[in-house]
Amino acid sequence: MNIYKNIISYLLMLPAILIGTFAMVSNGVASSIWIQNIIIWILGTVLGSLYLVRNKEKNISKGNLLPTVVIIALLVFSFLFSGLEGVHRWITFGPINIYIASIILPLLIIQLWKLALNNGERYVIGLFFITLLILLFQPDAGQLTAFACATAVILWKKISNWKIKFLSFILTAAIVIISWGFLDDLAPVPYVEDIIFLVEALGNVWFVLGILSLILFLSPFFFFGKNNIISFSLGVYFLMTMIVTIFGNFPLPIMGYGISPVIGYFIAISWLRKNK
């Protein structure tokens, strides 16, 4: 695999990062904040490219239950930290707060799909609803909605029993609706949740470029997703993480400040690139 082709996959998120960074700089955000996204992109590009070049083995068919359970347990780990005003979305390491769902959920979607490929539909359904309940109690309606919509693509394709399929979708819709009734009262941070408004304030040209940059980093998922359920599912996840920001105070991934969504994107695009 050509290393330059791998780097191109990671370059697709760079315009959104740079436009968001320029908006932060223009609004006086400290360099210690905006430089984090750039640093994690550089590290991710180097490590991801090396991983793809050196690791040739595909792992599409390996769908093990234990790793999936461990991944979900990491979401529960956030409840061990004090949180903020009753919100438990972060794992804290000194001054660094890791938004754990935005790292874990892309990987979990991949794992659930692999379980489904190995006729583990019952496990997929059970673990799916356990994850929804964890996100409900964090609470995180944005990530819950994105994860529910993305995994629904897998469930729709893999559940053969129409009664189970129907009940699953009814219960999923109910949990999503309930989650939006328990939105937190945390104030939006301009360079996180409202970053698109900072870009808009730069002028119409910047706003259009900003929207195009968001479409650009989504494009590979839907490009491969034409004949690839997991790619389409991951694309739906990242698309919904952007759409929910219209209706609530949720972080806008990649463009806004936050290294966790960048890491989650690296995980998704690296896996997709290796297994395309």
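The values are calculated or read from the model by the stated rules, or taken from the named source; none is laboratory data. Small disclaimer: the values here were computed from a predicted structure and weren't measured. Cβ placement follows ideal geometry from the backbone for every residue including glycine, while neighbour counts extend to all protein chains displayed.
Observations, loosely collected:
- Positions within segment 64-107 being assigned to a strand (DSSP E or B) and either on the phi > 0 side of the Ramachandran plot or surrounded by 12 or more Cβ atoms within 10 Å (Cβ to Cβ) (or both), in sequence order: LEU84, VAL87, TRP90, ILE91, THR92, ASN97, ILE98, TYR99
- Checking SER9 against (1) at pLDDT 85 or above; (2) within 19 Å of the chain's Cα centre (by Cα), the condition it does not meet: (1)
- Considering LEU272, LEU202, LEU234, the condition of being closer than 19 Å to TRP41 by Cβ and in the same structural domain as LEU50 (by TED's automatic domain parsing) is satisfied by LEU272 alone.
- Count of residues meeting criterion [of a type in the set (A, V, I, L, M, F, W, C), assigned to a loop (DSSP other than H, G, I, E, B) and over 30 Å from PRO95 (Cβ atoms)] in segment 213-267: 1
- Top-ranked residue in segment 158-187 [being surrounded by 15 or more Cβ atoms within 10 Å (Cβ to Cβ) and not hydrophobic (A, V, I, L, M, F, W, C); ranked as nearest to ILE254 (Cα to Cα)]: ASP184
- Every residue from segment 121-135 that is of a type outside the set (Val, Ile, Thr) and under 20 Å from the mean Cα position of the chain (by Cα): LEU127, PHE128, PHE129, LEU132, LEU133, LEU135
- Applying the condition of being of a type outside the set (Ser, Thr, Tyr) and not in a loop (DSSP other than H, G, I, E, B) to segment 178-194 and asking which residue is nearest to PHE22 (Cα to Cα) yields TRP180.
- The listed residues are ILE170, ILE175, ILE154, and the only one of them that is without any contact (Cβ under 8 Å) to a residue 24 or more places away in the chain, within 22 Å of ILE243 (Cα to Cα) and in a helix (DSSP H, G or I) turns out to be ILE170.
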